[in-house]
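What follows draws every value from the coordinates through simple rules; no lab data is involved. Note that this is a predicted model, so its numbers are computed, not measured.
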Amino acid sequence: MARRQNDRAKMARRQNGRVKMARRQNDRAKMARRQNDRAKMARRQNDRAKMARRQNDRSKMARRQNDRAKMARRQNGRAKMARRQNDRAKMARRQNGRVKMARRQNDRAKIARRQNGRAKMARRQNGRVKMHGTKTAALKWHGAKTTALKWHGAKTTALKWHGAKTAALKWHSAKLSPTGISA
């Protein structure tokens, strides 16, 4: 009986040892599973962080691209403004050229009008000489060779120097030198 009891105790101890070993193995397996779960959670967290970093990088790239596009639009706006300013300056230069040409044309017209006025005055003067003979000292003293004097007056040196005293000049109311002859 004692031997049987000892055998049963021995068997119980062995069984307890096996149970203890199994419990330890179960505990190690549980710890391993927990460690695996932690590793899996860490990997997932790392993946989420990696995805977040990638998303941030994409957002940063998009912001940079938007900034470049904004700067390009601003530069295009400045270029457009510069072109408009250049066009306005070109139009102003053309207008100034037209104004300058108009001023020159007006000046030429003014000079032509003055010249026409001088020509008209000369024609009137010639007409007076033609009708009335020598009234100027220049013609009286220096010899008139114009049509007026050829038709109405003195062709000789005597008359050129001393003034016309002929009936022709009397007839045409020439103002003579003081000799008592009057028209």
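Details
- Cα centroid separation, segment 69-129 to segment 28-49 (Å): 89 Å
- Estimated D of segment 79-129 in µm² per second, where Rh is the Kirkwood radius over Cα pairs and Stokes-Einstein applies at 10 °C, 1.306 mPa s: 113 µm²/s
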